[in-house]
1. Distance between Cα centroids, the range 60-91 to the range 36-55: provide it in whole Å.
2. With Cβ to Cβ distances under 14 Å as the rule, what net charge do the other residues near residue 30 carry (K, R +1; D, E -1)?
3. Which of rounded, prolate or oblate describes the range 94-149 when judged by the alpha-carbon gyration tensor and an a/c cut-off of 1.5?
4. How much net charge surrounds residue 95 when only the other residues with a Cβ under 13 Å from the Cβ of residue 95 are counted, with Lys and Arg +1 and Asp and Glu -1?
5. Hydropathy at least 1.0 by Kyte-Doolittle, axial extent at least 27 angstrom from the Cα trace: which helices of the chain, defined as entire DSSP H runs, fit?
6. Expected output is a single nm value to one decimal: the length gained when fully extending between residue 4 and residue 109, i.e. 0.36 nm times separation in residues minus the C-alpha distance. What is it?
7. Report the gain in length on full extension from residue 61 to residue 42: 0.36 nm times residue separation, minus Cα-Cα distance, nm rounded to one decimal.
8. Summing -39500 (n - 2.57) over the DSSP H runs of n ≥ 4 in the chain and dividing by its residue number, what mean residue ellipticity at 222 nm do you reach, to the nearest 500 deg cm²/dmol?
Amino acid sequence: MKWLIFVAGAILSWGMYGPFLHKGQVSLGSPLRALLCVGVAYFLIAVLIPGFMLMSNGQLNNFHSSGTTTATLAGALGALGAICIIMAFRNGGSPLYVTPLVFGGAPIVNVLVSMAIHPPKEAPNPMLYLGFLLAAVGGFMVLYFKPSS
């Protein structure tokens, strides 16, 4: 159950991502400046720390092409998502709308893509599709009943 601590960390981190990114973008006067800062943070946290950890354990080798390509594609998808959020803000979107839509829709896409990559051994429970509907309704409710700013 230790993994739930990391799930909570991701929820908190990504839940705060949109509002902080928007605030930084407004403060910097440019979405591209904000994206550059995001890139620096990714480099410091996602390149240097694992690089040093792998090097200190003598594991900075044996990168296979399939895993390296797929993991790099995943990183590119994450960066593209950040660009899309920044561009949504740049084009008038508010964190009150943009991030709930993104983080409400992303789990649905995640399940569908995961099922395509790792097909289930048996047909999904029909409640899965009810869950998709409830996620969409929940996203609508969060947006509809959000506090006015």
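1. Their Cα centres are 13 Å away from one another.
2. +3
3. In terms of gyration-tensor shape, oblate.
4. In short, +3.
5. Membrane-span-like by this criterion, though nothing is claimed about a membrane: 65-90, 95-117.
6. 35.7 nm
7. Length gained, residue 61 through residue 42: 4.7 nm.
8. -26000 deg cm²/dmol
Values quoted throughout were computed directly from the atomic coordinates according to the rules given, and no laboratory measurement underlies them. Values in this document were obtained by computation on a predicted structure and should not be read as measured data. Cβ sites come from the backbone with ideal geometry, for glycine too, and all protein chains shown count toward neighbours.
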